[in-house]
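Asks: This is the structure, below, for whatever I ask next.
The values are calculated or read from the model by the stated rules, or taken from the named source; none is laboratory data. These figures come from a predicted structure and were not determined experimentally. As a convention, Cβ positions derive from the backbone with ideal geometry for all residues, glycine included, and neighbour counts pool all protein chains shown.
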Amino acid sequence: MRLIRKVLLGLLALVVILIGAAMAYLLIAPPDLLRVATGYSAKIVCSNVFLADRDAGEVLAVDVQAPGHPLLGYVGVSVDREGGSVTARLLGMFAPNTAIYRPGLGCASVPDGDVAKARAVQLATQPDDTPLEDREWPDGDAVTEGTNDLLAGVLADEGLTGPGMRAVVVVKNGRIVGEAYGGGFAPETRLLGWSMAKTVNASIIGVLARAGLMKLDDTGLVPEWTDARAEISLADLLGMESGLAFNEEYGDVSDVLRMLFIEPDMAGFAAAQPQIAPPEKNFNYASGTATLLSRIWMGRVGGGERALALPRAALFDPLGMKSAVIEADETGTLVGSSYMYATARDWARFGQFLLQGGVWNGNTLLPPGWVKAMGESNGLPGDYSRMQSWLDGPRETDSEFGVPEDAFWMLGHDGQSVAIVPSEGLVVVRLGLTPSKLGWGPEPMVRAVMDAVRG
């Protein structure tokens, strides 16, 4: 009996030692997968609390859980509203990650924990977010045109607007003719567009190109590119045909997840990727490319606060997009690949701006042909344009659903879309939380909207 007791005690001691060692490991050097889980949770909660004024518990339970990864169910968050921060931990203690709110710049992940350095990135002059005058949209936010019965039926059809719909706005001939909102969401709610930010980022570059600060054939774009990458042109990056390596899969710890939730300098991470093919030979959709484009254009205007303020001065203010915010990473690079929040009506303003060829209130903001390139192929398989937009909706067969050939799309993760249909004078915005695994796509809705508003 004594021997058995000693053996059992020895085994128990071994188990205790192993558990202690595992806990120490998780506390000191948590695996990247855990860091992604807590970094994602902190960032999503932070942005939705401080930009969208949503309840943290709801965001944690709904938005954070959307990917369905089992680890996310064990993540909790603490919100410091006064200090403007959110910290997430696994099981209340492991892999802590913080996101901070910076007025005018939204929230930033701080994966290296250097909150003081991150807070040093600021806008001294805050954007004017006072409500627009009570004029008809798009000059104001008044919507007076009634929704016809056919369109009302489309907007009430959950099969068409999709599971998790948060906002749909329909613009015909420059006027909002119908809109719908999911429970808990309203016209004033800022919503994340995910990769729709890429098209906005390309338009900012267009503003600078019109001012003569950038050209499509520019090369030598990144100082650290002293090899063959120095020959990559601005046009190559805009068309996602640079030949740079980047894994956009939303798996465990892919390049895109590492960039967004582990790397404090997102553009630096993207710039360090090797070139695995010559430019213009392979299409590789990469959020790293779009974030790198942000760093490039920010450098052309001198960087710092001037660059951080440029999207509002050059684009959002002229268009009346009072709600729009492109968030910056820890180091102060705007995340032009993924992180733009705006109301559905402001996303619609941007879509209408593209429908009008980059002209707003008689002012030409983009170079001739810039918007046209958003509806033209980059010359490679993949349905991608020359200018950070898509030629087809997410199902990749617009014609099959009766969507006109001249339509082009802004598309984002989890069901975000803006369809621009020039031949119909139509813009359709759809925002929500609809993972691709659900099999929904916006094309049938856009077709139904077209039929409802014709005449």
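Asks: Could you check segment 440-455 and list, in sequence order, the residues that are without any contact (Cβ under 8 Å) to a residue 40 or more places away in the chain and either within 19 Å of G182 (Cα to Cα) or of a type in the set (D, E, K, R) (or both)?
Replies: Across segment 440-455, the qualifying residue is only R454.
Asks: What tally of residues in segment 219-229 results from selecting those that are out of contact with any Lys or Arg (no Cβ under 9 Å at 6 or more places or on another chain) and either aliphatic (A, V, I, L, M) or surrounded by 13 or more Cβ atoms within 10 Å (Cβ to Cβ) (or both)?
Replies: 4
Asks: Could you list, in sequence order, the residues of segment 348-368 that are of a type outside the set (A, V, I, L, M, F, W, C) and in contact with a strand residue (DSSP E or B) (Cβ under 8 Å, 6 or more places away or on another chain)?
Replies: G351, Q352, G358
Asks: Something else now. Considering only segment 50-92, state which residues are touching a residue at least 40 places away in the same chain (Cβ under 8 Å), in contact with a helix residue (DSSP H, G or I) (Cβ under 7 Å, 6 or more places away or on another chain) and hydrophobic (A, V, I, L, M, F, W, C).
Replies: If the condition is that a residue be touching a residue at least 40 places away in the same chain (Cβ under 8 Å), in contact with a helix residue (DSSP H, G or I) (Cβ under 7 Å, 6 or more places away or on another chain) and hydrophobic (A, V, I, L, M, F, W, C), then V86, A88, L90 are the ones that fit.
Asks: Report whether or not D346 is closer than 25 Å to N173 by Cα, out of contact with any Phe, Trp or Tyr (no Cβ under 6 Å at 6 or more places or on another chain) and assigned by TED's automatic domain parsing to the domain that holds E263. Break it down stepwise before answering.
Replies: Details: closer than 25 Å to N173 by Cα: yes; out of contact with any Phe, Trp or Tyr (no Cβ under 6 Å at 6 or more places or on another chain): yes; assigned by TED's automatic domain parsing to the domain that holds E263: yes.
So D346 fits the description; yes.
Asks: Same structure, new question: Right, G336: surrounded by fewer than 24 Cβ atoms within 10 Å (Cβ to Cβ) and within 21 Å of A197 (Cβ to Cβ) or not?
Replies: So G336 fails the test.
Asks: Quick check on M240: is it surrounded by 17 or more Cβ atoms within 10 Å (Cβ to Cβ), assigned by TED's automatic domain parsing to the domain that holds D346, touching a helix residue (DSSP H, G or I) at 6+ places or on another chain (Cβ under 9 Å) and at positive phi?
Replies: Criteria met by M240.
Asks: Sort out which residues of segment 417-445 are under 21 Å from V200 (Cα atoms) and either assigned to a helix (DSSP H, G or I) or touching a Leu at 6+ places or on another chain (Cβ under 9 Å) (or both), and write them in order of number.
Replies: S417, V418, A419, I420, V421, P422, G425, L426, V427, L431, G432, P442
Asks: What residue, among those in segment 422-437 that are of a type in the set (A, V, I, L, M, F, W, C) and either surrounded by 22 or more Cβ atoms within 10 Å (Cβ to Cβ) or modelled with pLDDT under 95 (or both), is farthest from A66 (Cα to Cα)?
Replies: Here the answer is L426.
Asks: Going residue by residue through segment 204-211, is there one that turns out to be within 15 Å of the chain's Cα centre (by Cα), surrounded by 24 or more Cβ atoms within 10 Å (Cβ to Cβ), among the small types (G, A, S) and at pLDDT 95 or above?
Replies: No, segment 204-211 contains no residue that is within 15 Å of the chain's Cα centre (by Cα), surrounded by 24 or more Cβ atoms within 10 Å (Cβ to Cβ), among the small types (G, A, S) and at pLDDT 95 or above.
Asks: Of the conditions (1) buried (at least 21 other Cβ atoms within 10 Å of the Cβ); (2) outside any helix (DSSP H, G or I); (3) of a type outside the set (S, T, Y), F316 fails just one. Which one is it?
Replies: Looking at each condition in turn, F316 falls short on (2).
Asks: Please pick out the residue among A270, A277, A230 that is closer than 30 Å to L123 by Cβ and in the same structural domain as S377 (by TED's automatic domain parsing).
Replies: A270
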